[in-house]
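The values are calculated or read from the model by the stated rules, or taken from the named source; none is laboratory data. Computed from a prediction, not measured in an experiment: that's the story for all the values here. Quick reminder, even Gly has a Cβ in these numbers, built from the backbone with ideal geometry, and neighbours come from all protein chains shown. Keep in mind that these areas ignore ligands, DNA and RNA; they rest on the heavy atoms of the full protein, side chains included. Shrake-Rupley method; radii C 1.70, N 1.55, O 1.52, S 1.80 Å.
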Amino acid sequence: MKILVTGGLGFIGSHTVVELQHEGFEVVVVDNLSNSSIEVLDGIEGITGKRPTFEEFDLRDKSKVQAFFQKHDDIAGAIHFAASKAVGESVQEPLLYYENNLGVLVYILQELKKKGGASFIFSSSCTVYGQADELPITEAAPVKPAESPYGNTKQVGEEIIRDTCRVNPDIKAIALRYFNPIGAHPSVKLGELPIGVPQNLVPFITQTAIGLRKELSVFGDDYPTPDGTCIRDYIYVVDLAKAHVAALKRLLEDKNESNYEVFNLGTGKGSSVLEVIQSFERVSGEKLNYKIVDRREGDVIQAYADTTKANEVLGWTAEATLDEAMKSAWEWEKKVRS
Ligand code: NAD
Ligand code: WQD
């Protein structure tokens, strides 16, 4: 079966392409390389021995999206990773985010509708919950007003899919709300390649340890948490990739109870910033240079998943420990900088 993976040379997409190929799917990747590089194709092939079909174009070009689906009229499903994802940038460039994260989504759904249906998986985010009232966070938790245009594109994206599925029963969709993906493939052939100064904690830790950054700034230690730093659910990217295969199979095998479902993807365990630093120091043997600074605006205090639905309905459970995920991130950083 042929599966379209948009943004398939990106961090999560590339790891998902590997797992799809392991499961025997034929993969077609579309990516404009705006936040990835063509060498990622070599990494995928180096792991699976199979080079996915790759088409480089910008999905914001509606005519190219239409031409793609005319050419590949045997697409059974699509996993839509392609988006812009920098929260801070989205505040400065909202129209870029609404065009790229919502305009493209509409173009793809229009093609699936024209095709008479398909399976569709959407990259959403736990950011839709904001600061949840109850922890761990279930899929029934209310979606809170977005704190950034980026977060709003995930909320509105889910609504676009829900409304489309309501009147197009042959489009079967799942929105996956990722918590905090981290780490790299155990082969050290794939990993996270943040361009410029990393916005996220784990790549900043590994770049500090390798000497690329002077020191890590810990954004506040005066939160109402055990050690005062924020708590997140850090999920190993390979476990996250495997969840996409489980979700896709659910749709392709018509096991879905409705044609629009939502799942939280996390470990169910919260870890504080200091605990992540301690994990890194444990697995790397490195002493991390960091300092406590003021809080970062917009940070929620705690977010970690109730994973019951994904565990029981998808039959998927995250397996890697925080230490294993941090070790993989460090091995990747050392490889990239070698
Ligand atoms: P990424 O930036 O590594 O991957 C996205 C890929 O899409 C990149 O390869 C980029 O070149 C491509 N792309 C972007 N716009 C495109 C366009 N117009 N046409 C063609 N290709 C385009 O990001 P990621 O971390 O792998 O995230 C994948 C998805 O998961 C995104 O939708 C993101 O919002 C979502 N998500 C990510 C996280 C996270 O922490 N990484 C958390 C929650 C949700
Ligand atoms: C994690 C914790 C920071 C960097 C973001 C997006 C979310 C999703 C995942 C796309 C927080 C602290 C961080 C640093 C720090 N992305 N931190 N120093 O903020 O949970 O989620 O990435 O979908 O939408 O909001 O992840 O890695 O930025 O931060 O102290 O240099 O680490 O304050 O507590 P976050 P993060």
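Could you tell me which residue of the range 161-189 is farthest from Glu45 (Cα to Cα), considering only residues that are away from ligand 2 (no atom under 13 Å from the Cβ) and of a type in the set (Lys, Arg)?
The selected residue is Arg166.
Residues checked against (1) aromatic (Phe, Trp, Tyr); (2) more than 25 Å from Ile182 (Cβ to Cβ):
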residue	(1), (2)
Leu4	no, yes
Gly10	no, no
Ser36	no, no
Leu41	no, no
Ile44	no, no
Glu55	no, yes
Phe68	yes, yes
Ser90	no, no
Leu105	no, yes
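Identify, please: which residue in the range 28-47 is crowded, with 24+ Cβ neighbours inside 10 Å and not acidic (Asp, Glu) and is, among those, farthest from ligand 2 (Cβ to nearest atom)? Even if it seems obvious, please write down each step before you answer.
The initial filter retains those residues of the range 28-47 that are crowded, with 24+ Cβ neighbours inside 10 Å, namely 29-31, 40, 44.
Then drop every residue that is not not acidic (Asp, Glu), which leaves 29-30, 40, 44.
On the way: Val29: 20, Val30: 20, Val40: 19, Ile44: 22 Å.
Looking at residues that are crowded, with 24+ Cβ neighbours inside 10 Å and not acidic (Asp, Glu), I get Ile44.
Sort out which residues of the range 150-177 are within 16 Å of ligand 1 (Cβ to nearest atom) and crowded, with 22+ Cβ neighbours inside 10 Å, and write them in order of number.
Tyr150, Gly151, Thr153, Lys154, Gly157, Ile161, Ala173, Ile174, Ala175, Leu176, Arg177
Taking the criterion of being away from ligand 2 (no atom under 14 Å from the Cβ) and either assigned by TED's automatic domain parsing to the domain that holds Leu135 or not in a strand (DSSP E or B) (or both), would at least one residue in the range 297-306 satisfy it? Spell out the reasoning first.
First pass over the range 297-306, keeping only residues away from ligand 2 (no atom under 14 Å from the Cβ): 306.
Of the ones still in play, those that are also either assigned by TED's automatic domain parsing to the domain that holds Leu135 or not in a strand (DSSP E or B) (or both) are 306.
Scanning the range 297-306, I find at least one residue that is away from ligand 2 (no atom under 14 Å from the Cβ) and either assigned by TED's automatic domain parsing to the domain that holds Leu135 or not in a strand (DSSP E or B) (or both), so the answer is yes.
Looking only at residues that are part of a helix (DSSP H, G or I) and hydroxyl-bearing (Ser, Thr, Tyr) in the range 114-157, which one is nearest to the chain's Cα centre (by Cα)? Let's see the steps before the verdict.
Pass one, the range 114-157, residues part of a helix (DSSP H, G or I): 114-115, 126-129, 149-157.
Applying the additional criterion that residues be hydroxyl-bearing (Ser, Thr, Tyr) yields 127, 129, 150, 153.
Numbers: Thr127: 12, Tyr129: 16, Tyr150: 13, Thr153: 14 Å.
By that ranking, first place goes to Thr127.
Here are the criteria: (1) within 15 Å of ligand 2 (Cβ to nearest atom); (2) open to solvent by 50 Å² or more (accessible area, probe 1.4 Å); (3) among the β-branched types (Val, Ile, Thr). Tell me which single one Ile12 does not satisfy.
Status for Ile12: all satisfied but (2).
Can you name the residue in the range 139-148 that is more than 19 Å from Phe263 (Cβ to Cβ) and either without any contact (Cβ under 8 Å) to a residue 40 or more places away in the chain or away from ligand 1 (no atom under 12 Å from the Cβ) (or both) and is also surrounded by the fewest Cβ atoms within 10 Å (Cβ to Cβ) among such residues? Show your work before the answer.
Keep residues of the range 139-148 that are more than 19 Å from Phe263 (Cβ to Cβ), which gives 145-148.
With either without any contact (Cβ under 8 Å) to a residue 40 or more places away in the chain or away from ligand 1 (no atom under 12 Å from the Cβ) (or both) added as a condition, the list becomes 145-147.
Numbers: Pro145: 8, Ala146: 17, Glu147: 17.
By that ranking, first place goes to Pro145.
Yes/no per residue for (1) open to solvent by less than 40 Å² (accessible area, probe 1.4 Å); (2) touching a residue at least 12 places away in the same chain (Cβ under 8 Å):
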| residue | (1), (2) |
| --- | --- |
| Tyr260 | no, yes |
| Thr267 | no, yes |
| Glu281 | no, no |
| Gly285 | no, no |
| Asp299 | yes, yes |
| Asn311 | no, no |
| Gly315 | no, yes |
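Identify the residue in the range 115-160 that is touching a strand residue (DSSP E or B) at 6+ places or on another chain (Cβ under 8 Å) and within 10 Å of ligand 2 (Cβ to nearest atom) and, among all such residues, is nearest to Ala67 (Cα to Cα).
Among residues in the range 115-160 that are touching a strand residue (DSSP E or B) at 6+ places or on another chain (Cβ under 8 Å) and within 10 Å of ligand 2 (Cβ to nearest atom), the one nearest to Ala67 (Cα to Cα) is Ser123.
Among Ser124, Ser84, which is the only one that is farther than 19 Å from Asn32 by Cα, within 12 Å of ligand 1 (Cβ to nearest atom), open to solvent by less than 30 Å² (accessible area, probe 1.4 Å) and of a type outside the set (A, V, I, L, M, F, W, C)? Explain how you work it out, then say what you get.
Details: Ser84 fails: farther than 19 Å from Asn32 by Cα.
Matching residue, one of Ser124, Ser84: Ser124.
What about Pro198, is it assigned to a loop (DSSP other than H, G, I, E, B) and either open to solvent by less than 40 Å² (accessible area, probe 1.4 Å) or not assigned by TED's automatic domain parsing to the domain that holds Gly7 (or both)? I'd like the intermediate steps shown before the answer.
Numbers: assigned to a loop (DSSP other than H, G, I, E, B): yes; either open to solvent by less than 40 Å² (accessible area, probe 1.4 Å) or not assigned by TED's automatic domain parsing to the domain that holds Gly7 (or both): yes.
Taking the combined requirement at face value, the residue satisfies it.
State whether one or more residues within the range 68-78 are crowded, with 23+ Cβ neighbours inside 10 Å, assigned by TED's automatic domain parsing to the domain that holds Leu109, over 19 Å from Gly157 (Cβ atoms) and more than 16 Å from ligand 2 (Cβ to nearest atom).
For the range 68-78, residues crowded, with 23+ Cβ neighbours inside 10 Å, assigned by TED's automatic domain parsing to the domain that holds Leu109, over 19 Å from Gly157 (Cβ atoms) and more than 16 Å from ligand 2 (Cβ to nearest atom): absent.
Of these, Lys64, Lys50, which one is closer than 13 Å to Val104 by Cβ and open to solvent by 20 Å² or more (accessible area, probe 1.4 Å)? So that I can check it myself, show each step before the final result.
Working: Lys50 fails: closer than 13 Å to Val104 by Cβ.
Within the list Lys64, Lys50, the selection yields Lys64.
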